[in-house]
Amino acid sequence: MKVLLIDDQQLVLLPLEKRLVELGYTVATATNASEGMNVFVSFQPDLVIIDINLSGISGLEVVKYIRVTHKNETPIAILSGNTKDETITEAFELGIDDYMKKPMGLNEICARVKRIIGAPESPTKITNSNVIIQERCVGVVIPCYNEEERLLSSQFTDYIHKNSGYHLCFVNDGSTDNTLEVLHTLQKDRKHFITVYDCEKNGGKAEAVRLGMLHMAQKEDLDYIGFLDADLSTDLADFDDLVKTIADSDFKIVSGSRISRMGANITKQPARKIISLTINFIIRSILRMDFKDTQCGAKIFHKNVIDIAFREKFITQWIFDVEIFKRMSHHFGLKEAKKMLCEKPLKRWIHADGSKLSMKDSIKIIGQLGQIAWVYRKK
């Protein structure tokens, strides 16, 4: 039994293809509508699974090509994050056999495939899968400097194994320990889902994040790209809440916020908390925005503002987040920038031992804020 998968996001195709092959199906894939129509003719599948929101030609055009142009009754199932009633109605009127809404687990997708065309006689594997095919594809940049002892490798790998839409980019910022070797071990057999970007010299967190963001922006199948601290003080499940916020809104940047409140697990060292309050007061004055927390190490960006935010080098090492918001204000104007930026309170943020930012560095930040105010005022 042959299945044709058509989706422009490799992070969706790979786990679905792997699972169907394990179950005994013969699978062909295509990453755009034109390629999909050509493969349909040559491959002659027993089932077509296609996304609606393809770049360029819509998935509905492929359905029309099969049903109207070829007058072909091959079963077609839609697997898409598009949940508009009019789209679903049009798809069924064109003659599709099923409409599967992302996110959806691989077990359910495969059960629907079996219902439509039956199960192969000799599957190679019949174990259950806990993988979720996500609605969107996300790149996450994780700067790493001497993280050999702190890197929580299993938490990263467990998350990407379960959630198909994530691609992690670990940036080795000129580490002097065995961080690079740890990262390459982490990447082994996962190169479609994990990238290791190596900086030979230590340039600081700001430059590591900047280079990683620009590198990931070159990947066409990603919808959003963000960055996260290697110590997972904010974990990937909370990061996904930021992704959902930007995906369901018109915001261009969603920043995590470590606001202490009922129902949230937010822990900070008392002395660091006092300095943070002082710094945040100065930051709000510089930005002329009522930010509660600009410095949280978890942020997600729409791809079309990454060049604006990261093209030029930052003038400070630790508080580049403030520069990002300043750049947005300069490019779009303060009024429009305020509409594009959102703070999302986190459910969890835990201070991790071994932080590279010392109390002395925290005091230096006040001087760096003055530098930002001066440089961007001149601009």
Being closer than 20 Å to G203 by Cβ and within 22 Å of the chain's Cα centre (by Cα) is the filter here, so list the residues in segment 148-160 that pass it.
L151
Pick from Y166, Y145: which is crowded, with 19+ Cβ neighbours inside 10 Å, within 30 Å of V27 (Cα to Cα) and among the aromatic types (F, W, Y)?
Y166
Inside segment 279-328, the number of residues satisfying the requirement of being aliphatic (A, V, I, L, M) and more than 17 Å from M216 (Cβ to Cβ) is 10
Hey, L106 under 28 Å from the mean Cα position of the chain (by Cα) and surrounded by 16 or more Cβ atoms within 10 Å (Cβ to Cβ) or not
yes
Within segment 20-92, which strands (runs of 3 or more DSSP E) (wholly inside it) include 1 or more residues that are in the same structural domain as G105 (by TED's automatic domain parsing) and loosely packed, with under 15 Cβ neighbours inside 10 Å?
26-30
Residues of segment 216-240 being outside any strand (DSSP E or B), within 17 Å of R311 (Cα to Cα) and of a type outside the set (S, T, N, Q), in sequence order, are M216, A217, K219
Taking R210, is it assigned to a helix (DSSP H, G or I) and either in contact (Cβ under 8 Å) with a residue 24 or more places away in the chain or touching a His at 6+ places or on another chain (Cβ under 6 Å) (or both)?
yes
Checked against (1) free of Cβ contacts under 8 Å to residues at least 60 places away in the same chain; (2) not assigned by TED's automatic domain parsing to the domain that holds E207, V113 satisfies every condition except (1)
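The values are calculated or read from the model by the stated rules, or taken from the named source; none is laboratory data. The structure displayed is predicted, hence computed values, not measured ones. Cβ: placed from backbone, ideal geometry, glycine included. Neighbour counts: every protein chain shown.
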